[in-house]
Structures are given as C-alpha cells and as structure tokens.
1. May I ask you to verify whether ARG333 is basic (Lys, Arg) and either closer than 30 Å to SER69 by Cα or surrounded by 24 or more Cβ atoms within 10 Å (Cβ to Cβ) (or both)?
2. Which pairs turn up if I take residues in segment 175-196 that are under 17 Å from ASN138 (Cβ atoms) and touching a residue at least 60 places away in the same chain (Cβ under 8 Å) and look for partners that are acidic (Asp, Glu) and in a loop (DSSP other than H, G, I, E, B) with beta carbon separation below 7 Å, at least 6 apart in sequence or on another chain?
3. For segment 330-374, name all the residues that are touching a strand residue (DSSP E or B) at 6+ places or on another chain (Cβ under 6 Å) and hydroxyl-bearing (Ser, Thr, Tyr).
4. Among residues belonging to segment 297-327 that are without any contact (Cβ under 8 Å) to a residue 60 or more places away in the chain and surrounded by fewer than 19 Cβ atoms within 10 Å (Cβ to Cβ), point out the one that is nearest to ALA108 (Cα to Cα).
5. Restricting attention to segment 371-390, which residues are assigned to a loop (DSSP other than H, G, I, E, B) and without any contact (Cβ under 8 Å) to a residue 24 or more places away in the chain?
6. Collect the residues in segment 367-388 that are buried (at least 23 other Cβ atoms within 10 Å of the Cβ) and hydrophobic (A, V, I, L, M, F, W, C), keeping them in residue-number order.
7. Would you check if there is a residue in segment 403-417 being out of contact with any His (no Cβ under 6 Å at 6 or more places or on another chain), part of a loop (DSSP other than H, G, I, E, B) and on the phi > 0 side of the Ramachandran plot?
8. If we only count helices (runs of 4 or more DSSP H) wholly inside segment 86-192, which ones have 1 or more residues that are out of contact with any helix residue (DSSP H, G or I) (no Cβ under 9 Å at 6 or more places or on another chain) and surrounded by 19 or more Cβ atoms within 10 Å (Cβ to Cβ)?
Amino acid sequence: MNRRDFLKLSLYAGGSCLIPGLPGRALAGPLDQVTFDPAVYYTNQPQTIMVFLYGGASELAGNFTNYYSFRNLSYNSYEDYFGSNNLVPTTHGFWNAAGGNIMESLLASHDLNVFRTCFSQVRWDNNNRSHGPCVTQNQRGTFNDNASGIFANLAWVLKNNNIVNQNTKMPFLTMDGDSGFYAIGGLPRISYIQPISINENLDNPFSRDYERDYTNTMDALAQARNQALNLSDKITDAFQKRSEMEAFIDEIDNLPDPALGNDNYDNNSFARKLKTAIKIMNHNPDTRVITLATSGLGGWDDHNDAENYLDRMEGLFRALKSAMAHIRSVNKRGQINIMIMGDFGRGVNLNTAYGWDHGNLQSFFLLGGTDYFRTPGIVGNTVVSSTGEVNRLYLKPGSGSYWFEPLSVASTIYTIYGITNPEVLTNNNPAINPPGNPLIKT
C-alpha cells in the first residue's frame, strides 16, 4: 500500500489511526450499567474474526441429522433435485456434500464447535423472518433496532477502560463495508475507535482515482485542528505518527503467505480475506476485531436453485480449514477465534423453486480461542416441526435440548473481552454456556 492510499484510507475512516478523538459526552442507557473486569481481558487477550453469512444460510450443512424425518414431507424431492449420492450424512450428522467431510476433520482436530440450536423463540412467536430486522438485531446484539452495534459497544468499553486509546493501532477493522456491527446508535463518534475499511489487499475499497493527494496537506489540517480545538500536543503527536503507520501497513502488506501444504487457501476473495485477517492479527496484537462477509463465495438467500449451496458451504469450510492451519502455524489458536453466523436459518421444505424459505433456527460455528473457550464439539439436537401447510416445515430445538437466542452470541463476545454483565446489552440473553458442557472457561 502506498502513502496516498493509506492516508486516504485513514481519512475515510475518520482518521482513526492518526487523529485523537474529541471529548465525548457522558454515555446514557445500557452502557452506563456495564461492569468490566480487566483481569479477564488481559488473561484472554482475545482477537475475533466475525464472518457474517448475509441472506441467512441454511443450517443443514452443519445439521443433517433430521434428513430422513423431513425428506418425505418436502414439497419437492431432495433426491430428485440433489441426487441421492449428495444426500449422505457424515458420522456426526453433517451434510457430506456441503462441506461435511471438512467439518469432520475440523471436529476431529478439536478446532470446530457447532451449535445446532441457535434459535429465536421471540421471532418465532412474532412470525418475524425478515432479513432487515434479523441482520440489524444480530449485529447489535439486541432487539432494539436503533441500538449501537456489538463492536461499537465493545470499543467504547475498551476505550473507557484505557485498553484502546489514540495510540492503539487499528483495533477494529472491517472487510464488510459499513457493517451494523459498528453502528454507533446514540453513541458519540470517537475517531480512533471507528473501524477502518480494508479489503484483502489492504487497499481502501472506497477510494477514487480522482481523489486529491492529502500527503502534502496533512500538516495544514493538523494546524487548523490544533487552533480550533486547542489540543495542540495530542494532535501534533498523532499526525507525526503518519509515517510510522504507513510503514506499519507496508510491513503487514509485505508479510509472506503461510506455507500450509495441503491446507493452502483457495484463490478466491473470501479465502484471501481470511488469510489477510489472520496475518494482520498475528502481526498486530492491537487488532481486536475484524468483520467480513463471504464475497467470493456468494450470498445465502437460497429461495431458489439451492444446489449452489453445496459448493458455497464446501468453499466456506475449505477456507476455514486453511485459516485454522494458518492460526496453528503462528501459534495463535489460543487467542484468535472465528465466529460464523447469519440472519437466520431456513426451513427444510424444498419449495416450488427448489430452494428454502426463511426460518428461525441456524447453526452457529465457532473455531479457535482455546485460551478462553473449551471445545464442546457439537451442542444441541433438533426435531422437525410441521404444521401440515406448504412451506411450514422447520427444524426446532428438541425436547430438553440446550438452545439460545442469536443475541447470546453478543453476550459471549462481551464476556470473553471482560464484560461481566453482558445481559444488560442483550435483552437479558446470557453468554452461550450449555450446562454440563460449558463453552467459556472460568
């Protein structure tokens, strides 16, 4: 990355790498009630890669256990559409043709945890299976659609406890554009805790060739801000770091690719994003969170022609297997975790367009983070729910099975970063912690 690209990137991001934030007003609402234990944070030192499956991926890749119960209830025949050879469950009930063998490999190496009962009873009761609200709520960790995002909240907590400050290098990154995970809601905007948008090549995806070169005007901008805000020392110091930050980005950009043998990354955008994310986190312990979507594989709104879902899931888990090999190669399996979730799951009726309609149960996947996560493996079991109506064919948590609302993913994130009462931010939904098979180490 050259100087022009990096400086433009920083300016698009509100100068979050370079310019200290303005004094903010006192916080109001749930963040006022948050309690934080720095000992947990410093013990765990977590780094999170959040992969969001926009469109709402079917849960069947990670949970094919009920196939023989619902196949004869489906409007269209699974066998006729997918072919019987592509409808084989693996030993642990994954869908073999949809990345199941790779999941088995990750499970055997204790790299994969699969939670089959991420289920929204609230949405089920309110017949809410719409993309907009579900994405918004999952990325904010609350049913309040106007709230701040999970990682915006986390940034504020870390800032208020001086874990993130104006000297922290790139604490929050997004390869997902303007993600709801960083929505500020009613929070004051503080530049150095805003996420920086990058792509897998560490370029600014929103730059334009006609944009002026800010390199020779940064000092003038600094002086103007100094005079207007009477913050001369802090701002001058921050702008003096621009050369250091440019060199730092170049260091990351020039890091060699890992040698992973048979687990080398595929040559697609999603795989390259994962590789870049891990290279950044390994090189820069200040980076706490990187969010990304699955561009390069495709979207997950499989109302029709669901056959493509098989290749997408295969590609997703091939990339995740490479990512875990990469994380192991740099000895960061204890610190770096990868989380995979989406809008919602889908029904299991194969509809008239040979696809699945929206549901309320999804598989939540979690890899890594073994310093603070145990590896419970597979959690939850499901049953087929049918009303007898066309398209009303779903999976729901089985009787007595542990299940959790999607908002519990937010509580889990908050917990590993040291927030001791995450429920105040998540409508009283606790962290994922199945009884008798706990996830979070204490």
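All of the numbers you see were taken from the coordinates with simple rules; none came from a lab. As the structure is a computational prediction, the values presented were derived from the model and not from experiment. Please note: Cβ atoms are built from the backbone with ideal geometry, for glycine as well, and neighbour counts cover all protein chains shown.
1. Numbers: basic (Lys, Arg): yes; either closer than 30 Å to SER69 by Cα or surrounded by 24 or more Cβ atoms within 10 Å (Cβ to Cβ) (or both): no.
Taking the combined requirement at face value, the residue does not satisfy it.
2. Here the result reads none, with nothing in segment 175-196 linked to a residue that is acidic (Asp, Glu) and in a loop (DSSP other than H, G, I, E, B).
3. SER363
4. Among residues in segment 297-327 that are without any contact (Cβ under 8 Å) to a residue 60 or more places away in the chain and surrounded by fewer than 19 Cβ atoms within 10 Å (Cβ to Cβ), the one nearest to ALA108 (Cα to Cα) is ASP311.
5. Of everything in segment 371-390, those that are assigned to a loop (DSSP other than H, G, I, E, B) and without any contact (Cβ under 8 Å) to a residue 24 or more places away in the chain turn out to be THR387, GLY388, GLU389.
6. LEU367
7. no
8. Because the criterion is at least 1 residues that are out of contact with any helix residue (DSSP H, G or I) (no Cβ under 9 Å at 6 or more places or on another chain) and surrounded by 19 or more Cβ atoms within 10 Å (Cβ to Cβ), the helices (runs of 4 or more DSSP H) in segment 86-192 that meet it are 100-108.
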